[in-house]
Amino acid sequence: MAGSDDRERMSQNRRAWGLRTPVHLKSDFYDLASFKQGRSSLRELEQEELGDVRGRSLLHLQCHFGMDTLSWARLGARVTGADFSEEAIALARSLAEELEIDARFVCANLYDLPDVLDGEFDIVVTTYGVLSWLPDLKAWARVVAHFLRPGGTFCIVEIHPNWGFLDEVDGELRITDSMFRSEPWETETVETYTDGPALPKHAEYNWPWTVGGMVTALAEAGLRIERLRELPLDVRRRIPNMFQSGDGYWHLPGDPMPLMVTCVATRPK
């Protein structure tokens, strides 16, 4: 994993997610009330990629406060969720207990997870806004491979990295940065991606990444890429001129570029 500077940046991000968690808990975006009544928080994409999970052991990396992890459990998986936010993991454990769902949750920096969690899993999954919080994709891929049993399946469904380099200016999409930058972005913000009150002002760090870099990291970690998809749809409205289709996904007019990426890989037996 990267050096002490990136460790400190991740520590700042952990504090940022601690601030976000109580806001997310009460947000319409997560709609925890309907989840408690049985609604699944999973979307079609990740269910398409993984298929039937009944009876399979599943590790959910960067699980936040566990709604998706618990949704996989409702589908029959034997689940473990991991996240670096103490606040999020405490909430995930509380939800599992309240809903009487059998689930294990572990609090650790992703790069330290092999030191605190034992075992291998049939499935490792991670979704939606995860990679930009990680400074070292090669080390990330080694963690994925570490926990995947021979013959097991890894799945990522992720916001396309295009969004790190584009913005809407005067009603047009424009390139605002280089896809090949190496330094993280530092942002001072009071916002999060859900509805709810403003947060205390805090620093966040996000690292650039590319689809090619992600696939290469997984391959170098010993995984076999089974399929890679880039899709012209998104799970939320990021700029004003996006529109929502009947299936609930958001699009740009004319579908000019990929907005999401999915990848499925396996660990050879």
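Details
- Gyration tensor (Cα) of the chain, equivalent ellipsoid semi-axes in angstrom: 26, 22, 21
- The convex hull built on the alpha-carbon positions of segment 64-167 has an orientation-averaged projected area of 7.5 nm².
- Candidate residues F29, F65: accessible-area rank, largest first, probe 1.4 Å: F29, F65
- Taking 12 Å as the cut-off, the amide N atoms of segment 119-152 that come nearer than this to a point 7 Å along the Cα-to-beta-carbon line of N109 belong to 135-136.
- Where labels lie 7 Å past Cα in the beta-carbon direction, separation of S40 and L75 in nm: 0.5
- Spacing of the two label points (7 Å from each Cα toward its C-beta) at E183 and M257, in nm: 2.3
- Of all beta bridges that DSSP places with both ends in segment 118-230, some 60 percent have antiparallel geometry.
- Using the Cβ-Cβ distance between E98 and Q47 with R0 = 25 Å, the FRET efficiency computed as 1/(1 + (r/R0)^6) comes to roughly 0.55.
- The lysines within cross-link reach of K201, meaning a Cα-to-Cα straight distance under 20 Å and a gap of 8 or more places when in the same chain, are K26.
- Bins of 10 Å, starting at 0 and running to the largest distance - Cα pair percent for segment 48-108: 27, 55, 17, 0
- Taken over the C-alpha atoms, segment 109-215 has Rg and Dmax values of 16.6, 52 angstrom.
- Residues of type lysines that K269 reaches as a straight line, Cα spacing below 28 Å, ignoring anything fewer than 8 places off in the same chain: K138
- The chain, helix-only ellipticity at 222 nm - DSSP H runs n ≥ 4, -39,500 (n - 2.57), divided by all residues, nearest 500: -9000 deg cm²/dmol
- In this calculation the C-beta distance from K26 to Q244 is compared with R0 = 30 Å, giving a FRET efficiency of 0.80.
- Within the chain, no whole DSSP H helix has Cα atoms reaching 30 Å or more along its own axis together with a mean Kyte-Doolittle score of at least -1.0.
- Shown here are the Rg and Dmax of the Cα trace of segment 1-91, at 14.8, 44 Å.
- For segment 171-224, the spread of Cα positions along each principal axis, largest first, Å: 44, 28, 21
- FRET efficiency estimate (nearest 0.05) - Cβ-Cβ, K269 to D5, R0 41 angstrom: 0.55
The values are calculated or read from the model by the stated rules, or taken from the named source; none is laboratory data. Just so we're clear, the structure is a prediction, and the values are computed from it rather than from any experiment. Note that each Cβ is placed from the backbone with ideal geometry, even for glycine, and that neighbours are counted across all protein chains shown. Just so you know, the surface numbers come from the protein's heavy atoms only, side chains and all, with ligands and any DNA or RNA stripped out. Shrake-Rupley method; radii C 1.70, N 1.55, O 1.52, S 1.80 Å.
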